[in-house]
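J.: Pasting in a structure now, in structure tokens, and then I'll have a few things to ask.
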Amino acid sequence: ECSRDSGFVDGTTNGNKWYKVFNGMQDWNYYYNDCFEITVELGCCKYPQVASSTFGDVWTDNFESVFEYTKLAHYGINGRVTDFSGNPLTGVTIRVSGGGKNITVRHNMGYYWRPLIKGQYNITAYKQGYYPLSRRSVVVIEGASTEIDFVLIPKPQRTFKDETVEDEDTTPDQEDESTDSDSSPDEESKQVDPDEGQENETNGEERDGAGDGAGDGAGDGAGDGA
């Protein structure tokens, strides 16, 4: 039995306040693999004398809670990232407004998942060699997942004396981190096509520099596919 003076409120505590662990697998997996790991300690007896006799009771008492907890992985946003031809892309960075940790698309079919609490966010996908794409005013509701797919357009390449050079990288500006709380979910962002000199409505999407050499109508086609 745990002592009553353990300092736990309702039997729980923040692990970092209880004791600190440096260079553990939890931090490593979160930082390098975008994976959330938790440790659940269900009692004060670290080495039960007859572990096999107590495990069944521990599982019966807690399996429903564990099952419900795993569902949280599906709350927030999820989707798939492809190129303009429909091929899945990996190594794409997904950035969410308001700070927090960026995640990287690692699934070989281009799928990603990002847990988020309810709110309104700007989501940006970017990868070396492709134009960044932003989806603005994305609404996340509690207990559900919002599907956000991205179709990235490759940057044109130029060849100089046997050397292939991509256009200058257009990594999203870090200053655009804050969520636009005054924007409604249906608000349409606008994209300027430098070749036409006109504003093209993109239904909540913004492509940074996608008009430069991407071809006429490329922005519209990508918006339909996303």
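The values are calculated or read from the model by the stated rules, or taken from the named source; none is laboratory data. Just so it is clear, the model here is predicted, and its values are computed rather than measured. Cβ: placed from backbone, ideal geometry, glycine included. Neighbour counts: every protein chain shown. Note: accessible area is taken over every heavy atom of the protein model, side chains too, but ligands, DNA and RNA are not part of it. Shrake-Rupley method; radii C 1.70, N 1.55, O 1.52, S 1.80 Å.
J.: Please go through (1) at negative phi; (2) loosely packed, with under 10 Cβ neighbours inside 10 Å for PRO88 and return the number of the only condition it doesn't satisfy.
T.: The one condition PRO88 does not meet is (2).
J.: Then there's this: Can you tell me which residue in the stretch 49-68 is farthest from the chain's Cα centre (by Cα), limited to those that are more than 21 Å from PHE8 (Cα to Cα) and open to solvent by less than 80 Å² (accessible area, probe 1.4 Å)?
T.: SER53
J.: Please specify each residue of the stretch 73-114 satisfying the condition of being among the hydrophobic types (A, V, I, L, M, F, W, C) and either over 17 Å from GLU147 (Cβ atoms) or in contact with a Cys (Cβ under 7 Å, 6 or more places away or on another chain) (or both).
T.: PHE84
J.: With respect to ILE77, is the statement that it is of a type in the set (A, V, I, L, M, F, W, C) and within 26 Å of PRO156 (Cβ to Cβ) true?
T.: Considered against the rule, which asks whether it is of a type in the set (A, V, I, L, M, F, W, C) and within 26 Å of PRO156 (Cβ to Cβ), ILE77 comes out as no.
J.: Answer yes or no as to whether LYS71 is in contact with a strand residue (DSSP E or B) (Cβ under 6 Å, 6 or more places away or on another chain) and open to solvent by 50 Å² or more (accessible area, probe 1.4 Å).
T.: So LYS71 does not fit the description; no.
J.: Taking the stretch 87-115 as the search range and keeping residues that are small (Gly, Ala, Ser) and at pLDDT below 95, which one is nearest to TYR130 (Cα to Cα)?
T.: Out of the qualifying residues, it is SER97.
J.: The conditions are (1) open to solvent by 100 Å² or more (accessible area, probe 1.4 Å); (2) over 21 Å from the mean Cα position of the chain (by Cα), and GLY43 fails exactly one of them. Which is it?
T.: Every listed condition holds for GLY43 apart from (1).
J.: Still on this structure, I have one more. Examine the stretch 8-23 for a residue that is open to solvent by 100 Å² or more (accessible area, probe 1.4 Å) and within 30 Å of VAL139 (Cβ to Cβ), and state whether such a residue exists.
T.: Looking through the stretch 8-23, none of the residues is open to solvent by 100 Å² or more (accessible area, probe 1.4 Å) and within 30 Å of VAL139 (Cβ to Cβ).
J.: Would you point out the residue of the stretch 140-157, among those that are in contact (Cβ under 8 Å) with a residue 12 or more places away in the chain and part of a strand (DSSP E or B), that is surrounded by the most Cβ atoms within 10 Å (Cβ to Cβ)?
T.: Filtering the stretch 140-157 for residues that are in contact (Cβ under 8 Å) with a residue 12 or more places away in the chain and part of a strand (DSSP E or B), the one surrounded by the most Cβ atoms within 10 Å (Cβ to Cβ) comes out as PHE150.
J.: Applying the selection to the stretch 19-76, what residues are part of a helix (DSSP H, G or I) and at positive phi?
T.: Once the filter is applied, which keeps residues that are part of a helix (DSSP H, G or I) and at positive phi, the stretch 19-76 yields nothing.
Here's the yes/no breakdown for (1) assigned to a loop (DSSP other than H, G, I, E, B); (2) touching a Ser or Thr at 6+ places or on another chain (Cβ under 7 Å):
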{"site": "ASN78", "(1), (2)": "no, yes"}
{"site": "THR82", "(1), (2)": "no, no"}
{"site": "GLY86", "(1), (2)": "yes, no"}
{"site": "ILE94", "(1), (2)": "no, no"}
{"site": "LYS101", "(1), (2)": "yes, no"}
{"site": "ARG106", "(1), (2)": "yes, yes"}
{"site": "TRP113", "(1), (2)": "no, no"}
{"site": "ARG135", "(1), (2)": "no, no"}
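J.: Please identify the pairs in which a residue from the stretch 115-128 that is in contact (Cβ under 8 Å) with a residue 24 or more places away in the chain and open to solvent by less than 30 Å² (accessible area, probe 1.4 Å) has its Cβ atom under 7 Å from the Cβ atom of a residue that is assigned to a strand (DSSP E or B) and aromatic (Phe, Trp, Tyr), counting only partners at least 6 apart or on another chain.
T.: ALA125/PHE150
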